[in-house]
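**Student:** Please see the structure below; I have some questions.
We did not get these values from a lab; they are worked out from the coordinates using the rules stated. Note that the structure is predicted; figures quoted are calculated from it, not measured. Cβ placement follows ideal geometry from the backbone for every residue including glycine, while neighbour counts extend to all protein chains displayed.
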Amino acid sequence: MSSKTKIILVGGSKGGPGKSTIAQQIAGFLLVKAKKKVHLIDIDAQKTTYQWCQDRKSFAADSKLDNFSFEYLTEVSLIILEIMKANTTM
């Protein structure tokens, strides 16, 4: 991971507030509009984002979006995140 790599975490314990939708929209914007390389990881048991990506797999190939990849991780035993202070600007 380069020093310019950014990690965006969309999470929470409540079901239904739109976490998957927000993650998908951010990824789509960064991929298409900002021309960023995006790796979208879904660890939600419902697989909402994974299914969203599967539905768009052929679109990404047809559109030559080689800067997009995705994974659905199962049985995650440990996630380590280093979070900056809330008042830190990016």
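**Student:** Give the residue that is nearest to the chain's Cα centre (by Cα), with candidates limited to residues of the stretch 22-40 that are loosely packed, with under 15 Cβ neighbours inside 10 Å and touching a residue at least 24 places away in the same chain (Cβ under 8 Å).
**Tutor:** Within the stretch 22-40, the match that is nearest to the chain's Cα centre (by Cα) is His39.
**Student:** I'm trying to understand the selection: among the residues of the stretch 7-37, which are of a type in the set (Lys, Arg) and over 11 Å from Thr49 (Cα atoms)?
**Tutor:** Residues satisfying the conditions are Lys14, Lys33, Lys35, Lys36, Lys37.
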